[in-house]
Structures are given as structure tokens and as C-alpha cells.
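*Asks:* First the structure, then my questions, so here it is.
The values are calculated or read from the model by the stated rules, or taken from the named source; none is laboratory data. All figures in this text were calculated on a predicted structure; none of them were measured in a lab. Cβ placement follows ideal geometry from the backbone for every residue including glycine, while neighbour counts extend to all protein chains displayed.
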Amino acid sequence: MKPVEIKKDIYWVGMVNFASHNFHGYAISPRGTTYNCYVVKDEKNVLFDTVQADHSEDMLARLRQVIEPEKIDYIVINHVELDHAGALAEMVEVCKPEKIFCSPMGLKSMASYFDISGWPVQAVKTGEVLNIGKRNIHFVETRMLHWPDSMFSYIPEDKLLISNDAFGQNIASYCRFAHEIDEKEALTNFIEEYYFNIVLPFSSQVLKTLDLVTELKLDIDMIAPDHGVIFKGQKDVGFILNKYREMAEQKPRKKALIFYDTMWRSTETLANYIGCGLDQVGVPYRVMYLKNHHHSQIMTELAKCSAIIPGSPTHNNGIMPLVAGVLTYMKGLRPQNLVGGAFGSYGWSGESTRDLTGWLDAMKVEQPAEPVKCLFRPTKADLEAAENLGRKVGEALIAKCEK
Ligand code: FEO
């Protein structure tokens with residue numbers, strides 16, 4: 001893939017990874033991913049971020065089409081996680097930069113990952129400005145968005161915000177810009193997938209950062225993240241900023257998510273009757289059987305839902321491992337403002353609904369009805385109870401949405 005000039009004398013020189021469907025070892029990325037990095041040619045030539053170490057040759061080949069690496073004067077590392085800093089040692093070796101800039105927290109993590117003795121590293125804080133000739137780089141620390149070291153680089157002369165992980169998506173595509181992607185709905189899904197699996201716990205920092213962008217009066221007509229496509233022009237920039245505010249606020253969304261594991265289909269039958277109950281009160285829903293879906297796909301679906309209804313048979317006095325895995329993952333991502341309920345079948349002791357209710361309590365999920373449990377096979381009364389659970393959760397969700 002060729003380098004792409006995204007603004008005059010500013011080039012994308014990153015790496016599109018069509019092959020990797022595993023993101024950082026904990027999420028799946030069915031459409032691959034990208035590691036974006038950018039070069040600005042000015043009186044001082046600047047490289048913003050790098051790629052994973054195993055893709056450094058690919059990146060260097062692209063960089064060489066734009067500039068001889070030895071002519072890079074400065075390297076800015078907006079975030080030291082290894083998908084962006086993995087090739088840093090090699091770039092330092094090849095480019096021999098005059099300076100390497102990162103945030104103060106970045107300096108600490110850089111010193112942990114690399115032997116930086118002899119590297120010309122300089123920490124920069126929010127408000128510091130680096131002149132590179134016709135342009136100035138303004139640094140904005142964005143702590144915990146999504147690591148303590150994360151920062152943005154803003155170039156006012158180009159109205160360009162290089163945003164690192166923020167505003168990213170896991171998508172490997174020939175397209176470099178959002179407006180080139182035909183499937184707008186798919187792009188929204190990729191933005192939600194990325195946010196709900198990576199950024200969600202840091203939503204309060206997102207809102208603070210969006211306020212800071214307004215407060216600093218940053219005039220932006222391009223947002224260039226380090227993953228996925230670039231947002232160019234006021235319409236697309238406005239779209240992604242608004243989308244981030246919407247996701248960070250976690251306002252109620254009128255859709256329910258039922259997810260479950262099952263052994264002999266009793267819990268699955270309950271899941272379907274809970275769906276009928278939701279349907280009766282006009283709440284759309286999705287049922288996800290966990291043997292068919294990765295935990296990160298459950299979180300991606302949660303971007304559209306504000307009700308969660310987990311189900312599990314009782315197994316070894318507890319819940320099934322796939323259900324426990326999803327709930328562990330979900331709780332860590334700290335979703336807010338949810339309603340829900342629990343269900344499951346049992347044969348002897350029946351602890352699963354107790355455990356599921358405990359997970360919902362731990363996530364502060366409002367539970368408008370008692371959990372539904374059935375002995376071996378659901379009876380007519382159990383199926384009516386399941387429908388009732390669906391109705392009650394649906395009504396509570398409608399009330400939340402109408403508040
Ligand atoms: Fe894309 Fe936090 O690394």
C-alpha cells in the first residue's frame with residue numbers, strides 16, 4: 001500500500017494488517033486492524049508514532065517513499081503501548097532523531113519497555129508547543145484515554161488532530177478516510193466495537209477531553225487516529241466527536257441483550273420466552289448463545305442495548321464458564337445505566353441465578369423482577385415467568401429511556 005498525503009506535506013505511512021483478527025490478546029477484530037503513523041515534512045521533519053515491532057520493515061519501506069529516514073529530526077510517541085511504540089527502537093536506530101517527545105507518563109513507560117539510556121527523550125506536558133518551521137505542534141495529555149501516558153498532538157496550521165487510540169476503529173481497509181468507506185453503518189459498528197471493548201471504562205475521561213477540546217478552542221478539520229480511517233472535513237469530524245460524546249454518556253438505548261450458555265436447552269428455551277416478553281412490550285432484543293459469540297462481540301452488541309439478561313444452567317454449584325467469562329469482561333469495562341434480570345435451569349442445587357444476580361448487582365444493574373429458574377425442563381409456569389421477566393425488564397427499560 002502506498003503512503004497517502006493526508007494534508008500538504010503530511011503523510012500516512014502506517015501499516016494495514018488484514019491478517020490479524022486478534023486485538024491485543026483479548027478482543028477479536030474480524031476485519032483486521034491498522035497501525036497508523038504519520039510524517040510531517042517541514043524545517044524539522046517529524047514522525048508521529050510507529051507500528052508493532054514485527055511490522056517495522058513494512059513501515060520503513062513506506063516511510064522511505066516519502067523521506068529518507070535519516071532526515072527525520074523528531075519522533076513523537078503519543079502512547080507507548082507496543083502497537084504504536086513497538087518499532088521505536090528500530091526507528092531510533094535508523095533515524096537517529098535529534099529528539100523524541102512523549103508525555104511525562106510516557107517517559108516512565110518508555111523507560112520500562114526500552115533501554116533509553118542515550119536516547120534524546122524529552123517529556124512534554126499539556127500546553128507545551130514545539131515549533132517545527134511553518135507549523136507548531138501543541139501537545140495535549142489525555143491521561144487514561146486509554147493509558148496514563150496517552151496524549152494528542154494538534155497542529156493548528158493544518159487544523160489536524162493526531163489522536164492516537166482515541167477515535168480509532170479496528171478495520172483493515174484500502175481506504176484511508178471515513179468518507180471513502182461505502183458501508184457507513186459498518187463504520188459505526190466498528191467505532192462502537194472499538195469503544196465498547198477498549199475505551200468504555202474511561203468514558204468520564206472522554207467527556208473531559210471533549211470539553212477540553214472545546215475549552216482550548218481547537219479548530220479541527222481532520223482527526224487522524226492511530227487505528228482505522230481518518231475523519232476529514234467538518235461533517236466527519238463533527239460525526240466522530242458527537243458519536244464519542246453519545247457513547248461516553250451511555251444514555252439509555254431501547255434494546256435488550258439476552259446472552260446465555262446451555263447444556264440441554266432448558267436455559268435456551270427460557271431465553272426465547274424472555275425474548276417474547278420483551279417483544280410484547282415493544283422492546284427490540286437480540287439473543288446471543290455464547291458458544292457462537294466471542295465475549296468482545298457481546299460488548300459490541302451492548303453498544304446498542306441498555307438491558308442485559310444473562311442466563312446459565314447451574315453447573316458445579318455455579319455458572320457455566322463462558323457466562324462467567326463474559327460477565328468478568330463486561331464488569332471490567334464498567335457499563336453504566338443498565339436494567340436487567342437473570343435466568344437459568346438447574347437439576348439439584350440451583351445456584352446459577354443467585355450468582356448471576358450477584359454479577360448484576362456488582363454492575364449496579366436495576367433488576368425489576370425476580371430471576372427465573374426452572375428444574376430440569378421448564379414447565380408452562382416457568383415459561384410464563386420467563387415471559388414476565390422479559391416484560392418487566394422491557395417496561396423498566398422503556399421507563400429509563402423516557403426519563
Ligand atoms: Fe492502540 Fe493503546 O494502543
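*Asks:* Mind listing whichever residues of region 60-82 are within 16 Å of the ligand (Cβ to nearest atom) and crowded, with 23+ Cβ neighbours inside 10 Å?
*Replies:* Taking region 60-82 first, the residues within 16 Å of the ligand (Cβ to nearest atom) are 76-82.
Scanning region 60-82 gives Val76, Ile77, Asn78, His79, Val80.
*Asks:* Quick one: would you say Met59 is modelled with pLDDT under 95, over 18 Å from Tyr194 (Cβ atoms), of a type in the set (A, V, I, L, M, F, W, C) and touching a strand residue (DSSP E or B) at 6+ places or on another chain (Cβ under 8 Å)? Walk me through it before giving the result.
*Replies:* Working: modelled with pLDDT under 95: no; over 18 Å from Tyr194 (Cβ atoms): yes; of a type in the set (A, V, I, L, M, F, W, C): yes; touching a strand residue (DSSP E or B) at 6+ places or on another chain (Cβ under 8 Å): yes.
No, not satisfied.
*Asks:* For region 68-75, indicate whether the set of residues that are in contact (Cβ under 8 Å) with a residue 40 or more places away in the chain and of a type in the set (Val, Ile, Thr) is non-empty.
*Replies:* no
*Asks:* Sticking with this structure for a sec: Can you pull out the residues in region 366-389 that are in contact (Cβ under 8 Å) with a residue 12 or more places away in the chain, in a loop (DSSP other than H, G, I, E, B) and exposed (fewer than 14 other Cβ atoms within 10 Å of the Cβ)?
*Replies:* Selection gives Phe376, Arg377.
*Asks:* A follow-up question, please. Could you tell me which residue of region 154-172 is nearest to Lys243 (Cα to Cα), considering only residues that are surrounded by 18 or more Cβ atoms within 10 Å (Cβ to Cβ), out of contact with any Phe, Trp or Tyr (no Cβ under 6 Å at 6 or more places or on another chain) and not aliphatic (A, V, I, L, M)?
*Replies:* The qualifying residue nearest to Lys243 (Cα to Cα) is Phe167.
*Asks:* Could you tell me whether any residue of region 286-297 is closer than 27 Å to Asp182 by Cα and touching a Lys or Arg at 6+ places or on another chain (Cβ under 9 Å)? Lay out the reasoning, then the answer.
*Replies:* Step one: of region 286-297, the residues closer than 27 Å to Asp182 by Cα are 286, 293-294, 296-297.
Restricting the remaining residues to those that are touching a Lys or Arg at 6+ places or on another chain (Cβ under 9 Å) gives 286.
Within region 286-297, one or more residues are closer than 27 Å to Asp182 by Cα and touching a Lys or Arg at 6+ places or on another chain (Cβ under 9 Å).
*Asks:* Hey, another quick one. Hey, among Val287, Val283, which residue is under 25 Å from Ile398 (Cβ atoms) and assigned to a loop (DSSP other than H, G, I, E, B)? Spell out the reasoning first.
*Replies:* On the way: Val287 fails: assigned to a loop (DSSP other than H, G, I, E, B).
Every option except Val283 fails the conditions.
*Asks:* Checking the structure you have, find out if any residue of region 38-54 is closer than 25 Å to Lys2 by Cβ, part of a helix (DSSP H, G or I), within 16 Å of the ligand (Cβ to nearest atom) and in the same structural domain as Lys217 (by TED's automatic domain parsing). Spell out how you get there, then give the answer.
*Replies:* To start, the set of residues in region 38-54 that are closer than 25 Å to Lys2 by Cβ comprises 38-42, 44-54.
Of the ones still in play, those that are also part of a helix (DSSP H, G or I) are 53-54.
Then drop every residue that is not within 16 Å of the ligand (Cβ to nearest atom), which leaves 53-54.
Filter once more, keeping what is in the same structural domain as Lys217 (by TED's automatic domain parsing): 53-54.
Among the residues of region 38-54, at least one is closer than 25 Å to Lys2 by Cβ, part of a helix (DSSP H, G or I), within 16 Å of the ligand (Cβ to nearest atom) and in the same structural domain as Lys217 (by TED's automatic domain parsing), which makes the answer yes.
*Asks:* Let me ask something additional. Here's a check for you: in region 83-113, which residue that is more than 16 Å from the ligand (Cβ to nearest atom) and outside any helix (DSSP H, G or I) is nearest to Ser163 (Cα to Cα)? Write out each step before concluding.
*Replies:* Going residue by residue through region 83-113, those that are more than 16 Å from the ligand (Cβ to nearest atom) are 89-101, 104, 107, 111.
Now narrow it down to the ones that are outside any helix (DSSP H, G or I): 96-101.
Numbers: Lys96: 25, Pro97: 22, Glu98: 23, Lys99: 20, Ile100: 18, Phe101: 15 Å.
The extreme case among them is Phe101.
*Asks:* Please indicate, with yes or no, whether at least one residue in region 291-309 is touching a His at 6+ places or on another chain (Cβ under 9 Å) and closer than 27 Å to Glu395 by Cβ.
*Replies:* Restricting attention to region 291-309, the residues satisfying the condition of being touching a His at 6+ places or on another chain (Cβ under 9 Å) are 301.
Subset that is closer than 27 Å to Glu395 by Cβ: 301.
Scanning region 291-309, I find at least one residue that is touching a His at 6+ places or on another chain (Cβ under 9 Å) and closer than 27 Å to Glu395 by Cβ, so the answer is yes.
*Asks:* Please work out which one of (1) in a helix (DSSP H, G or I); (2) modelled with pLDDT of 95 or more is the condition Ile223 fails and give its number.
*Replies:* Status for Ile223: all satisfied but (1).
*Asks:* Those residues that are part of a loop (DSSP other than H, G, I, E, B), away from the ligand (no atom under 16 Å from the Cβ) and of a type outside the set (Ser, Thr, Tyr), I need them from region 131-190; list them, please. Break it down stepwise before answering.
*Replies:* Quick first cut of region 131-190, residues part of a loop (DSSP other than H, G, I, E, B) only: 132-135, 142-150, 159, 165-176, 181-183.
Filter once more, keeping what is away from the ligand (no atom under 16 Å from the Cβ): 132-135, 159, 173-176, 181-183.
Those that are part of a loop (DSSP other than H, G, I, E, B), away from the ligand (no atom under 16 Å from the Cβ) and of a type outside the set (Ser, Thr, Tyr): Ile132, Gly133, Lys134, Arg135, Lys159, Cys175, Arg176, Ile181, Asp182, Glu183.
*Asks:* What number of residues within region 291-322 satisfy the criterion of being buried (at least 22 other Cβ atoms within 10 Å of the Cβ) and farther than 27 Å from Lys251 by Cβ?
*Replies:* 5
*Asks:* Test Asn22 against the criterion of being buried (at least 20 other Cβ atoms within 10 Å of the Cβ) and within 16 Å of the ligand (Cβ to nearest atom), and give yes or no. Step through it out loud before you land on a result.
*Replies:* Details: buried (at least 20 other Cβ atoms within 10 Å of the Cβ): no; within 16 Å of the ligand (Cβ to nearest atom): yes.
Considered against the rule, which asks whether it is buried (at least 20 other Cβ atoms within 10 Å of the Cβ) and within 16 Å of the ligand (Cβ to nearest atom), Asn22 comes out as no.
*Asks:* Still on this model: Regarding Val326, is this residue among the aliphatic types (A, V, I, L, M) and touching a His at 6+ places or on another chain (Cβ under 7 Å)? Give the derivation first.
*Replies:* Working: among the aliphatic types (A, V, I, L, M): yes; touching a His at 6+ places or on another chain (Cβ under 7 Å): yes.
In short, yes.
*Asks:* Restricting to region 4-28, name every residue that is touching a Pro at 6+ places or on another chain (Cβ under 8 Å) and in contact (Cβ under 8 Å) with a residue 24 or more places away in the chain. Full working, then the answer.
*Replies:* Filtering region 4-28 for residues touching a Pro at 6+ places or on another chain (Cβ under 8 Å) gives 11-13, 21.
Result: Tyr11, Trp12, Val13.
*Asks:* Step by step: first the residues of region 29-50, then only those that are in contact (Cβ under 8 Å) with a residue 40 or more places away in the chain and basic (Lys, Arg), then the one that is farthest from Val121 (Cα to Cα). Which residue is that?
*Replies:* Ranking the qualifying residues of region 29-50, first place goes to Arg31.
*Asks:* Also, quick follow-up: Is it fair to say Asn292 is outside any helix (DSSP H, G or I), free of Cβ contacts under 8 Å to residues at least 40 places away in the same chain and not acidic (Asp, Glu)? Explain how you work it out, then say what you get.
*Replies:* Values: outside any helix (DSSP H, G or I): yes; free of Cβ contacts under 8 Å to residues at least 40 places away in the same chain: yes; not acidic (Asp, Glu): yes.
It is true that Asn292 is outside any helix (DSSP H, G or I), free of Cβ contacts under 8 Å to residues at least 40 places away in the same chain and not acidic (Asp, Glu).
*Asks:* Could you tell me which of the residues Gly325, Gly282, Gly332 is free of Cβ contacts under 8 Å to residues at least 40 places away in the same chain, surrounded by fewer than 21 Cβ atoms within 10 Å (Cβ to Cβ) and either closer than 24 Å to Glu387 by Cβ or within 21 Å of the chain's Cα centre (by Cα) (or both)? Reasoning before the result, please.
*Replies:* Values: Gly282 fails: free of Cβ contacts under 8 Å to residues at least 40 places away in the same chain; Gly332 fails: free of Cβ contacts under 8 Å to residues at least 40 places away in the same chain.
Answer to the check: Gly325.
*Asks:* State whether the residues of region 232-249 include one that is closer than 29 Å to Leu322 by Cα and surrounded by 17 or more Cβ atoms within 10 Å (Cβ to Cβ).
*Replies:* Yes: one or more hits.
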